[in-house]
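The values are calculated or read from the model by the stated rules, or taken from the named source; none is laboratory data. The structure presented is a predicted model; accordingly, all values stated were derived computationally and were not measured. Here the Cβ is made from the backbone with ideal geometry for all residues, glycine too, and neighbour counts use every protein chain on show.
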Amino acid sequence: MITRTIMNLKTFFCLSLLCILAGTSTAAPANGTPFDLQGFIDRELQAGKTRVIVPPGRYRVTPRNRQHLVLRGLRDVQIIADGVEMICTETTRALTVQSCTNVLVRGLVIDYDPLPFTQGRITSLSADKKVHEIELFEGYPPAEAARNFKYEIFRPDTRTLRTQDHYPQKVEAIDHRHLRVSNSSGSANDPEQVGDLIVIGTEYAPQGSIPHAVECNGNVNVRLESIDLFASNCFGFLENNCDGSTYLRCRIDRRTAATDPVRRADARLRSLDADAYHSKHAIKGPAYLECTARFMGDDCVNICGDYHLITASQGTELRVLAKHTLNLQPGDEVELVTYDGRRLPDARVVSLKPAGNVLDEERAFISKQRMDAGLRSGKGALTKAWTVTLNRAVEIPLGGVICSANRIGNGFAVKGCTFGYNRSRGILIKASRGEVSNNRIEGCEMSGILVAPEYWWLEAGSSSDLVITGNQITACKGIPILVEAIAGQGGIAPAGAHQNLTITGNTVRDCPAPGIVVTSTTGLRLENNHLLLTGTRKELPGILRQAGLKEAKPEVQINCLP
């Protein structure tokens, strides 16, 4: 009895302390205590502390300016949040880390209530399977919160994806718990069935919403360690213009029913609505070390920069349409690729000068390209022109691209990670002087490892001095290891887009042939890979058909030179 009384007093003291920190005298609800997390950290920093320890607990946090927590302009600071769970109460940004140097954030768990997606079961399908009637499960956001974003269909037995994404024309709330999803295309032969489970994006953000759970901007040597992320309205960890970021043992996964702070009629099927780890314009690329990313709505890793469209060249001067912001600077080394896919020797930027707006003939050309509709629309993208002067003369006709070779994530590392069960690629690389090693990749709907620039998104660049080794790839539906370069005008780019690649000691299991395809490369070392394949694909991938190949061998090289 005495022991029990002491334990009850300890419990009462701990709850009272949390309530004092939260500025409230009410007992903690099951799904978290209201807590001014931002205010607590700000006060500790203002008191001169360089190591801020957040008291453990599950806290409900209200956003300010559409962000639940902001760390800005910090230097040589550690934020220790071991045992701390932040429940975001609106479907907007969880954490922003901006303009920080030598900062550590450790131990934080991030989740959302309400979730940025809802979940249910297909109760009927039209004959052409274009119209899906859905009953939503209790415990998930209501039908009125659904938005036309990331509609996915899962098998009820394996709880893995049944089919590729659908892109609905219309999403209607029939009542609080029922949705009707109308798709622009469909067929009676499509794989979805009555009884299949669905997930679709939702929104609850009375103060407005901005995307991504964790966004890092303009940081140097920021380290995110042991951060668990269970939901996001878009990407999980996005970084822009960073230098030398480290992500150590960060975890993205769908949350189990046993640890979910909300009781639901069905356990979660999805973690994030889109990419897990996405790096743009990094000077030194990120290190993703022993991280996890599973069951999100897009890529596990994407490391890239931006291509800008070249519309004319004369001597040392190029006319360039910026993708969005022209992230070139005088002195930058630049990658140059022609419309037919030839990678020219790198040059250096001497000067930049605004050159007005996109011309009618340039807009007409863009409208016909193999590009995402958002880039072709003329609304914000590819509208501002620049004159870029290089240190040497080049000849690049309309349709070529240019990118900063210093801001595409060179020097990155993806090592010892566990990825998979997502709708697209496992590891997507567009950078150089990096390493992809000892990762476990399973169940991706597309390639396990893809090295490729993408004209479709104007995502740069081509890769050089890259090592892919010791990876285990299992049951991926795309080509397990694919290195390719597709020209802007279409077709496989000539050798030399990628340079000096090493692909050794990888194991591919339970995937159809080919297990490895490499195109457009000079200086390729391809050896000692173990391909335990299930046979050949029912239909050859388009890249092989373009090359005129009739069968899928275990390894294929196209436009490659020693």
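Here are a few things to note about the model shown:
- Qualifying residue in the range 347-365 (condition: under 25 Å from N559 (Cβ atoms) and not polar (S, T, N, Q)): yes
- Every pair of residues 6+ apart whose Cβ atoms lie under 6 Å, when the first sits in the range 344-357 and is at positive phi while the second is small (G, A, S) and in a strand (DSSP E or B): G356/A385
- Candidates E85, E135, E90, filtered to the one that is in a strand (DSSP E or B) and in contact with a Ser or Thr (Cβ under 9 Å, 6 or more places away or on another chain): E135
- The sole residue among L531, L526 that is modelled with pLDDT of 95 or more, touching a Pro at 6+ places or on another chain (Cβ under 9 Å) and within 23 Å of E435 (Cβ to Cβ) is L531.
- Here the range 350-372 is the region considered, the condition is being among the polar types (S, T, N, Q) and exposed (fewer than 15 other Cβ atoms within 10 Å of the Cβ), and the residue that is nearest to N391 (Cα to Cα) is S351.
- Cross-chain or 6+ apart pairs with Cβ under 9 Å, the range 537-558 first and within 15 Å of V483 (Cβ to Cβ), then surrounded by 17 or more Cβ atoms within 10 Å (Cβ to Cβ) and of a type in the set (D, E): I543/E484; I558/E484
- Criterion: of a type in the set (K, R) and out of contact with any Pro (no Cβ under 8 Å at 6 or more places or on another chain) - qualifying residue of R121, R93, R106: R106
- Residue ranges of strands (runs of 3 or more DSSP E) in the range 479-562 with at least 2 members under 24 Å from E459 (Cα atoms): 481-483, 498-504, 516-527, 555-561
- Positions within the range 526-538 being under 28 Å from the mean Cα position of the chain (by Cα) and of a type in the set (D, E, K, R), in sequence order: R537
- Criterion: under 30 Å from Y247 (Cβ atoms) and assigned to a loop (DSSP other than H, G, I, E, B) - qualifying residue of P156, P141: P141
- Pair list, Cβ < 8 Å and 6+ apart or interchain, from the range 34-50 residues that are farther than 16 Å from L108 by Cβ to residues that are surrounded by 13 or more Cβ atoms within 10 Å (Cβ to Cβ) and among the charged types (D, E, K, R): P34/R60
- Of the numbered criteria (1) modelled with pLDDT of 95 or more; (2) outside any strand (DSSP E or B), the one T26 fails is (1).
- Summed over the range 404-418, residues that are among the hydroxyl-bearing types (S, T, Y) and within 27 Å of E442 (Cβ to Cβ) total 1.
- Conditions (1) touching a strand residue (DSSP E or B) at 6+ places or on another chain (Cβ under 6 Å); (2) over 22 Å from I427 (Cβ atoms); number of the one not met by L224: (2)
- Filtered residues of the range 362-388 (kept if over 20 Å from L318 (Cα atoms) and among the aliphatic types (A, V, I, L, M)): M371, A373, L375
- Residue within the range 393-407 that is closer than 26 Å to E527 by Cβ and buried (at least 23 other Cβ atoms within 10 Å of the Cβ) present: no
- Matching residues, the range 81-102, being touching a residue at least 60 places away in the same chain (Cβ under 8 Å), farther than 15 Å from N31 by Cβ and either crowded, with 21+ Cβ neighbours inside 10 Å or not assigned by TED's automatic domain parsing to the domain that holds T50 (or both): T91, T92, R93, A94, L95, V97, C100
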